[in-house]
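Colleague: Take this structure first; my questions come after.
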């Protein structure tokens, strides 16, 4: 099994900007990956492994885990007509109030710090929930729309490349899948 490697210098921490979540604002056949969480200062994924630990009658401890349910919150997200991801979520959540569409969103998590330059590790979650949890803000401020994400669907791993113009291309399998095998 090949090991995945970080493509950063040894003994140097990795910048948070190297982990980007993208929302497909195009179609399944022709994805357009738009970064989710512009202007958000702090956002981390939570992994619920559904772990359970039990002690048997002999005093032995046994633990189990499941595949994680991964969630992430983006708060606040400012409304901005130039932010394709926010516009799409606003259209589906506020304008259309379409829960089915919000539960089948296509997400791409790109680990820019892992893998080869131009072919970094990426995970695609094609049936994720992207939920607006509010809309508003304080007087004199901006309209904000906090968003909660639950990663879902059949996880696909592969590689992503990000062009100079910001266009992201995902390739299912490839080097990332080989490293996992």
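Colleague: Where the eigenvalues come from the Cα gyration tensor of the stretch 120-169, what are the semi-axes √(5λ) of the equivalent ellipsoid, largest first, in whole Å?
Modeller: Taking √(5λ) for each Cα gyration eigenvalue gives 30, 18, 6 Å.
Colleague: Report for the stretch 77-171 the percent antiparallel among DSSP-assigned beta bridges with both residues inside it, nearest 5.
Modeller: 100 percent
Colleague: Could you work out [θ]222 nm for the chain from helices alone, using -39500 (n - 2.57) per DSSP H run of at least four and dividing by all its residues? Round to the nearest 500 deg cm²/dmol.
Modeller: Value at 222 nm, helices only, nearest 500: -2000 deg cm²/dmol.
Colleague: Mind checking which of 148, 83, 48 has the largest fluctuation in a GNM of the chain, springs on alpha carbons under 10 Å?
Modeller: 48
Colleague: At a Förster distance of 30 Å, what's the computed FRET efficiency of residue 27 paired with residue 157, Cβ-Cβ distance as r, to 0.05?
Modeller: Approximately 0.90, to the nearest 0.05.
Colleague: Could you grab the Rg to Rh ratio for the chain? Cα atoms only, Kirkwood for Rh.
Modeller: Rounded to two decimals, Rg/Rh equals 1.03.
Colleague: Mind telling me which of 115, 158, 26 comes out most flexible in a GNM of the chain, alpha-carbon contacts under 10 Å?
Modeller: The residue that fluctuates most here is 26.
Colleague: With each pseudo-label sitting 7 Å past Cα toward Cβ, what's the residue 12-residue 119 distance in nm, one decimal?
Modeller: With each label point 7 Å from Cα toward Cβ, the separation is 2.3 nm.
Colleague: Which residue fluctuates most in the GNM of the chain (Cα springs below 10 Å): 133, 13, 27?
Modeller: 13
Colleague: Relative to a virtual label point 7 Å from the Cα of residue 143 in the Cα→beta-carbon direction, which members of the stretch 19-50 show backbone nitrogen distances below 19 Å?
Modeller: 37-40
Colleague: Oh, and also: Jot down the radius of gyration and Dmax of the stretch 1-86, Cα atoms only, both in angstrom.
Modeller: 19.5, 63
Colleague: In which sequence would 49, 33 go, from the one with the fewest C-beta neighbours within 10 Å to the one with the most?
Modeller: Lowest to highest Cβ neighbour count: 49, 33.
Colleague: Does a label point 7 Å from the Cα of residue 135, set along Cα-to-beta-carbon, have any residues of the stretch 9-31 with amide nitrogen under 20 Å, and which are they?
Modeller: Within reach of a label on residue 135: 25.
Colleague: Would you order 113, 22, 125 from fewest to most other beta-carbon atoms within 10 Å of each residue's own beta-carbon?
Modeller: 113, 125, 22
No lab work stands behind these numbers, since they all come straight from the coordinates. Only a predicted model underlies this, so the values are computations on that prediction, with no experimental measurement involved. Glycine gets a Cβ as well: all are built from the backbone with ideal geometry, and neighbour counts include every protein chain shown.
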